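Q: One structure, pasted below without further comment.
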Amino acid sequence: MRSSDVAGGAGGAGGAGGGARLRQAVRIGLVLARRGERGSAALEFAMVLPILLVVTLGLVQAGLFVRDQLVLVEAARAGAREASVTADDDAVRAAVGRSAAVLSTADLSVEVDRTGQQGQPVSVRVAYTDPVVVPVVGWLFPSSVDLSASATMRQEYR
């Protein structure tokens, strides 16, 4: 037995000729595998893109709901401040309207609740029906969301 036979000499798989053939076969296999996968990344992206867009647009709509809620909180505070210094409910409604200028005034309701005179609390409750405005995500949300905020301050006028 020759030492080259044991070590997998020129004719065996471990020799120089066998190693080169093995590397060539691996290269051919990789090229054939790549040809079979050509376009799969584009296909996967095309399948994921609509889902990603719907999720993104849903987040935008949720952000608009949060913004409108923050506007309502500020409008209720402005209304309560106005109600604390004047007895005129129309002035309170005007202050709420100025503070909530980004919202549709047709869907905005203002309630003023006064008890007693100076030193007693006055509460202003503002409600708003917020429609879904982002296209494509209407099926994710109800047709409109009812938002409300209230604020209470001490009456300061005489």
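Q: For Gln118, which of the numbered conditions (1) touching a Phe, Trp or Tyr at 6+ places or on another chain (Cβ under 9 Å); (2) buried (at least 16 other Cβ atoms within 10 Å of the Cβ) fails to hold?
A: (2)
Q: So if I check each of Asp146, Asp113, which one is without any contact (Cβ under 8 Å) to a residue 60 or more places away in the chain, surrounded by fewer than 17 Cβ atoms within 10 Å (Cβ to Cβ) and within 34 Å of the chain's Cα centre (by Cα)?
A: On inspection, the qualifying residue turns out to be Asp146.
Q: Here is a list: Val124, Val71. Which entry is at pLDDT 95 or above and in contact with a Leu (Cβ under 8 Å, 6 or more places away or on another chain)? Even if it seems obvious, please write down each step before you answer.
A: Values: Val124 fails: in contact with a Leu (Cβ under 8 Å, 6 or more places away or on another chain).
Just one listed residue meets the conditions, Val71.
Q: Using the structure shown, decide if Ala46 is in the same structural domain as Ser99 (by TED's automatic domain parsing) and at pLDDT below 95.
A: Numbers: in the same structural domain as Ser99 (by TED's automatic domain parsing): yes; at pLDDT below 95: yes.
Yes; evaluated as a whole, the condition is true for this residue.
Q: Turning to a different aspect of this structure: When you look at Val54, is it at pLDDT 75 or above and in contact with a Ser or Thr (Cβ under 8 Å, 6 or more places away or on another chain), yes or no?
A: Details: at pLDDT 75 or above: yes; in contact with a Ser or Thr (Cβ under 8 Å, 6 or more places away or on another chain): no.
It is false that Val54 is at pLDDT 75 or above and in contact with a Ser or Thr (Cβ under 8 Å, 6 or more places away or on another chain).
Q: Which members of region 120-146 meet the condition of being assigned to a loop (DSSP other than H, G, I, E, B) and β-branched (Val, Ile, Thr)?
A: Initial filter on region 120-146 (assigned to a loop (DSSP other than H, G, I, E, B)): 120, 132-143.
Passing the criteria: Val132, Val133, Val134, Val136, Val137.
Q: Given (1) within 24 Å of Asp146 (Cβ to Cβ); (2) modelled with pLDDT under 95; (3) not hydroxyl-bearing (Ser, Thr, Tyr), where does Gly36 come up short, assuming only one miss?
A: The single condition Gly36 does not satisfy is (1).
Q: Tally up the residues in region 84-137 that are under 17 Å from Phe65 (Cα atoms), among the acidic types (Asp, Glu) and out of contact with any helix residue (DSSP H, G or I) (no Cβ under 8 Å at 6 or more places or on another chain), please.
A: Within region 84-137, residues that are under 17 Å from Phe65 (Cα atoms), among the acidic types (Asp, Glu) and out of contact with any helix residue (DSSP H, G or I) (no Cβ under 8 Å at 6 or more places or on another chain) number 1.
Q: Out of region 58-109, which residues are part of a helix (DSSP H, G or I) and β-branched (Val, Ile, Thr)?
A: First pass over region 58-109, keeping only residues part of a helix (DSSP H, G or I): 58-85, 89-99, 105-107.
Listed by number, the residues that qualify are Val60, Val66, Val71, Val73, Val85, Val92, Val96, Thr105.
The values are calculated or read from the model by the stated rules, or taken from the named source; none is laboratory data. No experiment lies behind these values; they were computed from the predicted model shown. Glycine gets a Cβ as well: all are built from the backbone with ideal geometry, and neighbour counts include every protein chain shown.
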